[in-house]
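A quick write-up on the structure given underneath.
The values are calculated or read from the model by the stated rules, or taken from the named source; none is laboratory data. Since the model is a prediction, treat every value here as computed from it, not as a measurement. For neighbour counting, all protein chains shown are included, and Cβ atoms are generated from backbone atoms with ideal geometry for every residue, glycine included. Heads up: the accessible areas ignore ligands, DNA and RNA and are worked out on the full protein's heavy atoms, side chains in. Shrake-Rupley method; radii C 1.70, N 1.55, O 1.52, S 1.80 Å.
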Amino acid sequence: KRPEDCAVVIFGASGDLTGRKLVPALYRLFASGATPEHFYICGAARSEMSREQFQDKMRQAVESRGLDMGAWQAFADRLHYQAVVYDQVESYQALATRLDELDARHGVGGNRILELAIPPTLYQTMAVTLARAGLSQEERGWRRLVVEKPFGRDLESSRELNRAIGQGFQEHQVFRIDHYLAKETVQNIMMFRFANAIFEPLWNRNFIDQVSIVTGETLGVEHRAGYYEQAGVLRDMFQNHMMQLLALVAAEPPSLFEADRVRDERTKLFRSLRPFPLEELYDYLVLAQYEAGEIDGKPVPAYRAEPGVDPSSLAPTFAAMKVYVDNWRWQGVPFYLTSGKRLTEKLTRITINFREVPHSLFRRVLGEDIQTNRLVLDIQPKEEITLYFQAKQPGAQVGLRTVRLHFSYQDQAGRQGMEAYEKALVDAMLGDQMLFWRQDGVELCWAFLDPVLEACEQCGDRADRLHRYRAGSWGPSDAAKLWPGHPYNNPLE
Ligand code: BG6
């Protein structure tokens, strides 16, 4: 389905996100014919820039992604630029007039995506000013506001941000991006669970022993110290992506594959999260920060030695947490959520560990425990599903070995996936909010993590609370020792 004609207005058009993600994604959509028939992009930012300079900057950005430039000229004809003063209503009114002219020129009827690719500190001002300038009103065509995380830095500030957004926009106009939700294999979790009859009957406390969700990165903090020092891994990865992965694995089936029914189920799941017992918090949480080490054979500095980082910083770059979902399906099943920067490998992997067989008739002969069944959903960079089970060891001796059933997306003929930003942008154009956060979910996740963040911020630099790990390792070397029962050690094993 092709979206209705519309304009995409990108605020923060001279910034990093625009060049790195948004414009390359829009270009790919355009080149594959997935953008509306009539469509244009208007970049808006504080810097004075001519249209040609903006086009040139975007061409470089797209070229540097190694994309085929065959459709560039036609795309560039749809690129415009307008300088704005972010907190000045008149400046937005001038922008509105310009957009009306561009609408007429490109044959677009007034539908607009307003994408905020600006620093989060500006979100509130921007939302309020957009409303004051009348840019949120849906008199002629729809207006959709696309916002990137972070949605506040705690429950209170996320509510405040939402109140500011609410001055001009209603919930159906707000698209809060979580690019993990837009990853193809993340979406596949629901297909896997609910389009097959054989897995869902096992998907509960009666058959599942524990679930592990790991997101590892090799990258360090890069040039984002200013943001990361304030955020740390809990705000950067857990309040958003890790919570959504958990919700997709654990939520109940919605009655229909439809935005609000699916989001209702995710919200219900967030509502069932068991609050952390703060008096024994560190039985449930491991926090750590990376030391100097090696990534792909190259030395990399410690977090505290990264540019812009406080040399005595207490920001965690790794966290592992044990989470329980208090409902009928999941009572007593631990979910281990782990994520860190500067780990050995880039990967996102969900492992469903099934229970032991009820009675091991082979134990006496084999003298060992039988390996339990495991279902591994590899989200990225490998896109695979693997089921491990036991089979007879070939030969005269009685013996068992673990074998696997394996499915790989890459092997699918004609695979033409969409990158996360392409999917998110096209869904915003289509008005489908399924893969976006709704405010109730945002608030429930903050309410879940706020007490932990508060406790951690008061914990000081106690070695037993903020552990260290070598860059290039799988986290604090003894995470498993620190935390008996935790399956995470080397997630590749
Ligand atoms: C972002 C975080 O949301 O996700 C980054 O702010 C992180 O710190 C990134 O690196 C990871 O995304 P991906 O798609 O590379 O796994």
Checklist entry - Does the stretch 43-63 include one or more residues that are part of a loop (DSSP other than H, G, I, E, B), modelled with pLDDT under 95 and at positive phi? => result no
Checklist entry - In the stretch 380-410, what residues are more than 29 Å from the chain's Cα centre (by Cα) and small (G, A, S)? => result A391, G395, A396, G399
Checklist outcome for this item: For the stretch 334-351 the number of residues that are away from the ligand (no atom under 15 Å from the Cβ) and touching a helix residue (DSSP H, G or I) at 6+ places or on another chain (Cβ under 9 Å) is 1
Checklist outcome for this item: Among strands (runs of 3 or more DSSP E) entirely inside the stretch 289-363, those with 3 or more residues being open to solvent by less than 30 Å² (accessible area, probe 1.4 Å) and touching a residue at least 40 places away in the same chain (Cβ under 8 Å) are 318-323, 335-340, 347-354
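Pull up the stretch 210-238, narrow it to residues that are part of a helix (DSSP H, G or I) and more than 10 Å from the ligand (Cβ to nearest atom), then point me to the one that is nearest to T372 (Cα to Cα).
The residue in question is F238.
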Next on the checklist: Among the listed residues G232, G216, identify the single one that is more than 23 Å from K382 (Cα to Cα) and open to solvent by less than 10 Å² (accessible area, probe 1.4 Å).
Outcome noted: G232
Item to check | Residue among R205, R176, R235, R163 that is closer than 16 Å to L435 by Cβ and out of contact with any helix residue (DSSP H, G or I) (no Cβ under 6 Å at 6 or more places or on another chain) | outcome: R176
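What number of residues within the stretch 164-186 satisfy the criterion of being part of a helix (DSSP H, G or I) and within 16 Å of the ligand (Cβ to nearest atom)?
In the first step, residues of the stretch 164-186 are kept if they are part of a helix (DSSP H, G or I); the result is 164-166, 171-173, 184-186.
Then drop every residue that is not within 16 Å of the ligand (Cβ to nearest atom), which leaves 184-186.
Count: 3.
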Checklist entry - Among the residues of the stretch 8-23, how many are within 15 Å of D77 (Cα to Cα) and either within 21 Å of the chain's Cα centre (by Cα) or open to solvent by 10 Å² or more (accessible area, probe 1.4 Å) (or both)? => result 1
Checklist entry - Before we move on, is F151 within 16 Å of the ligand (Cβ to nearest atom) and either on the phi < 0 side of the Ramachandran plot or in contact with a Ser or Thr (Cβ under 7 Å, 6 or more places away or on another chain) (or both)? => result yes
Checklist entry - Where residues in the stretch 103-124 are open to solvent by less than 10 Å² (accessible area, probe 1.4 Å) and part of a helix (DSSP H, G or I), which of them is farthest from F39 (Cα to Cα)? => result Y123
Checklist outcome for this item: Taking first residues from the stretch 78-105 that are closer than 24 Å to L29 by Cα and second residues anywhere that are small (G, A, S) and surrounded by 20 or more Cβ atoms within 10 Å (Cβ to Cβ), the pairs with Cβ under 6 Å that are 6 or more apart or on different chains are Y81/G43; Q82/A44
Next on the checklist: For the stretch 266-276, which positions are over 16 Å from H241 (Cα atoms), open to solvent by less than 30 Å² (accessible area, probe 1.4 Å) and in contact with an Asp or Glu (Cβ under 9 Å, 6 or more places away or on another chain)?
Outcome noted: S272
Item to check | Candidate set: the stretch 394-446, residues that are in contact (Cβ under 8 Å) with a residue 60 or more places away in the chain and β-branched (V, I, T); chosen: the one surrounded by the most Cβ atoms within 10 Å (Cβ to Cβ) | outcome: V442
Checklist entry - Just wondering, is there one or more residues in the stretch 93-102 that are under 30 Å from the mean Cα position of the chain (by Cα) and either surrounded by 15 or more Cβ atoms within 10 Å (Cβ to Cβ) or part of a strand (DSSP E or B) (or both)? => result no
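Any residue that is in contact with a Gly (Cβ under 8 Å, 6 or more places away or on another chain) and modelled with pLDDT of 95 or more - is there at least one of those in the stretch 19-30?
no
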Next on the checklist: Pairs please, first residue from the stretch 183-202 and hydroxyl-bearing (S, T, Y), second anywhere and in a loop (DSSP other than H, G, I, E, B), Cβ atoms under 8 Å, 6+ apart in sequence or on different chains.
Outcome noted: T185/E383
